[in-house]
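The values are calculated or read from the model by the stated rules, or taken from the named source; none is laboratory data. Because the structure is predicted, anything quoted here is derived from the model rather than measured. Note that we place each Cβ from the backbone using ideal geometry, even for glycine, and neighbour counts take in every protein chain shown. We work out accessible area using only protein heavy atoms, side chains counted, and drop any ligands, DNA or RNA first. Shrake-Rupley method; radii C 1.70, N 1.55, O 1.52, S 1.80 Å.
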Protein chains: 2
Amino acid sequence: MNTLTVDLGDRSYPIFIGAGLLGNSALFTPYIKGRQVLIVTNETVAPLYLQQVKEALAGYQVDEVILPDGEAYKDLTTLNLIYDALLQKQHNRTTTLLALGGGVVGDMCGYAAASYQRGVNFIQVPTTLLSQVDSSVGGKTGVNHPLGKNMIGAFHQPQCVIADTGTLNTLPERELSAGLAEVIKYGLICDPAFYQWIKENIAALMAREPKALAYAIERSCQDKAEVVAQDETESGIRAILNLGHTFGHAIEAHQGYGQWLHGEAVGTGMLMAADLGWRMGHVSSEELRELRSLLQASGLPVVGPLNMSADDYLSRMQVDKKVLDGRIRLVLLQRIGEAYMTSEVPKDLLTQTLLAGDKLGTA
Amino acid sequence: MNTLTVDLGDRSYPIFIGAGLLGNSALFTPYIKGRQVLIVTNETVAPLYLQQVKEALAGYQVDEVILPDGEAYKDLTTLNLIYDALLQKQHNRTTTLLALGGGVVGDMCGYAAASYQRGVNFIQVPTTLLSQVDSSVGGKTGVNHPLGKNMIGAFHQPQCVIADTGTLNTLPERELSAGLAEVIKYGLICDPAFYQWIKENIAALMAREPKALAYAIERSCQDKAEVVAQDETESGIRAILNLGHTFGHAIEAHQGYGQWLHGEAVGTGMLMAADLGWRMGHVSSEELRELRSLLQASGLPVVGPLNMSADDYLSRMQVDKKVLDGRIRLVLLQRIGEAYMTSEVPKDLLTQTLLAGDKLGTA
């Protein structure tokens, strides 16, 4: 088992990474303050892992709420099911919420914990690669609104994160790829040595070799933790974690949430950012083509949806949270391993990238 | 105009107290970061003061959302009207929410600000005595759930509070009295000199003399700010601010929210706490009778609802947020001017207080 500490002063917490951690009672108990635990999971994950976690929590008042599966349910109505369960089972301020599932479960459970009685403890048990490398670190929680993704939420840090690589054996292929998009992102934005490692080990990652996965998760969390520690509430440097996200959110929103997986949209969005960086003279044509190959080797799409016009992208990008006073701000690459935020985007080059179609990233 | 600073480190903020502040543009503008403001108010307050505040905000993108009036609407459904307005009008992270109204408007607007895009700025413009002395300080925001009051919320501090005593001239008599209950509370829990002042000036307060009101608001906010500064997230000493609230919540919940005003229920709840304190040998019979007279002079009820049995109280008190692991914890009086929290409540004396009927507080 690998242990990593996210250093946030009195809100610091550990991430435990390894195989077979789910049933390890000793990992959970130091992080449970009271006698009550509410496990929040979904209908896909519950049959696989709920029983095991409940057994690890023997001796506590353990209640559960099983949500419908999917981003479409990440809303206030579904969130209310968590509040209902907490109140029906009379959970008090010392209760601990436990998120067992992917990013949607983690975001909703975390936000319920942030807001129930103005804040209670929670533990993250992410069961997808994406949630293990992304939502494990950063404390972002929340739900969607019909008019925008993640528009309602809070920053709320967990007591600990337990990332069991064993759960990745039940993960659908597409979701493994979607998780790899975020892994690649860390290399791209701040860690060229890790990017190199990913290129060399992409076959092992796709074959789900436990050691390779554990290393990729640990290094990703480490990279993210370093960025977050510098900027807990996203006022500056942290924005680089959104590489590919402004493009990606536009794709997700235009296609309808759930059609493209978040990681797939971010993967293509990163390629767009790199393509634009190449047009701006920052990224070399070799680097650009290598990224395209790596995304392909990861099973990710390398062409945006063919039904989207440049205006379809631009209008969606205008309502992104990164927009300040009407200007589009984008995270772009200075080179592989170094990202920056800018609101100085040459409109003509941006349009060329958006219209590149299957020439995207081919330099 | 009196100015008071609530000292919370980098979340410190000023409270401005005086007559005719609503239209004073110079008070608002230093606390508005971006170019967008959403005024949250209700159908009762809007016709009285909305126009004046909008004029003070000339030059900004000012949008408004007018909520139905009343505690019954302090829920997730009504909260969503605020998110809808923010997103329909494309408010971004630099927006400022402005709460114009009483406690319900302030709690909901504050919670919308805490959660919109994971937190934006807000300004409180409380227009009732209760909200001027209570929700102005402390950063508590939130909404009710059908199974419990204030069960969903966050701690979120405003940028500034503007308490215009002029707005109290349109306040119904019952609401003035309800506000005075909280004013009296500060004297009771931590400020015997202020308690003495209130006894001497209750007629002036009931006659809405502006100077007396401004002094009472300032001193109340000062007292509350001192307690809150010691304990921002209510883990200890801050609990004394809940004097009378556990009894009061039981009354409100049993009668149906809105039947008894919050301040009325808290007033009677404080008399219950004092009555119990007298039975426990802490409060003198003279002090107890004086408090009863002061509450009467403030136009407040001094007898609980006659349809409530001791069990009706006790079962409601069990689900209060102050309950930890099944034990009722109560704020009681050591003497006038000194409150304490205890979970050692003699059951028989508590029952005598709950069954005292119109003998409550008569020693």
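Assorted remarks:
- Selection status of residue B:174, away from chain A (no Cβ under 14 Å), open to solvent by 10 Å² or more (accessible area, probe 1.4 Å) and in contact (Cβ under 8 Å) with a residue 24 or more places away in the chain: yes
- If the condition is being in contact with a Gly (Cβ under 9 Å, 6 or more places away or on another chain) and surrounded by 16 or more Cβ atoms within 10 Å (Cβ to Cβ), then segment A:296-317 contributes A:298, A:300, A:301, A:302, A:304, A:313.
- Some residue of segment B:77-89 being within 12 Å of the chain's Cα centre (by Cα), under 17 Å from residue A:118 (Cα atoms) and at pLDDT 95 or above: no
- Yes/no for residue B:69 being assigned by TED's automatic domain parsing to the domain that holds residue B:123, of a type in the set (D, E, K, R) and part of a helix (DSSP H, G or I): no
- Residue in segment B:140-156 that is under 26 Å from residue B:25 (Cα atoms), open to solvent by 10 Å² or more (accessible area, probe 1.4 Å) and more than 14 Å from chain A (Cβ to nearest Cβ) present: no
- All conditions but one from (1) of a type outside the set (A, V, I, L, M); (2) open to solvent by less than 20 Å² (accessible area, probe 1.4 Å); (3) touching a residue at least 24 places away in the same chain (Cβ under 8 Å) apply to residue B:231; the one that does not is (3).
- Exactly one residue out of B:279, B:316 is within 14 Å of chain A (Cβ to nearest Cβ), charged (D, E, K, R) and touching a helix residue (DSSP H, G or I) at 6+ places or on another chain (Cβ under 8 Å), and it is B:316.
- Residue match in segment A:271-292 (condition: open to solvent by less than 20 Å² (accessible area, probe 1.4 Å) and of a type in the set (D, E, K, R)): yes
- Scanning segment A:40-63 for residues that are surrounded by fewer than 15 Cβ atoms within 10 Å (Cβ to Cβ) and assigned to a loop (DSSP other than H, G, I, E, B) yields A:43, A:58, A:59.
- Filter result for the condition that a residue is modelled with pLDDT of 95 or more and closer than 18 Å to residue A:52 by Cβ, over A:120, A:105, A:143: A:105
- Residue, nearest to residue B:147 (Cα to Cα), within segment B:86-119, restricted to residues that are within 12 Å of another protein chain (Cβ to nearest Cβ), open to solvent by less than 10 Å² (accessible area, probe 1.4 Å) and among the aliphatic types (A, V, I, L, M): B:112
- Selected residue [open to solvent by less than 10 Å² (accessible area, probe 1.4 Å), of a type in the set (A, V, I, L, M, F, W, C) and either away from every other protein chain (no Cβ under 14 Å) or within 23 Å of residue A:247 (Cα to Cα) (or both)] from A:160, A:190: A:160
- For segment B:333-363, the set of residues classified as open to solvent by 40 Å² or more (accessible area, probe 1.4 Å), within 27 Å of residue B:199 (Cβ to Cβ) and in a loop (DSSP other than H, G, I, E, B) consists of B:362, B:363, listed by residue number.
- Checked against the criteria, residue A:216 counts as modelled with pLDDT of 95 or more, in the same structural domain as residue A:297 (by TED's automatic domain parsing), farther than 15 Å from residue A:295 by Cα and of a type outside the set (Lys, Arg).
- Of the candidates B:200, B:218, B:226, the single residue that is exposed (fewer than 15 other Cβ atoms within 10 Å of the Cβ) and either without any contact (Cβ under 8 Å) to a residue 40 or more places away in the chain or assigned to a helix (DSSP H, G or I) (or both) is B:200.
- Screening residue B:124 with (1) away from every other protein chain (no Cβ under 14 Å); (2) open to solvent by less than 10 Å² (accessible area, probe 1.4 Å) gives one miss only, at (2).
- Among the residues of segment A:66-75, some residue qualifies, meaning at least one is surrounded by fewer than 18 Cβ atoms within 10 Å (Cβ to Cβ), within 23 Å of the chain's Cα centre (by Cα) and within 14 Å of chain B (Cβ to nearest Cβ).
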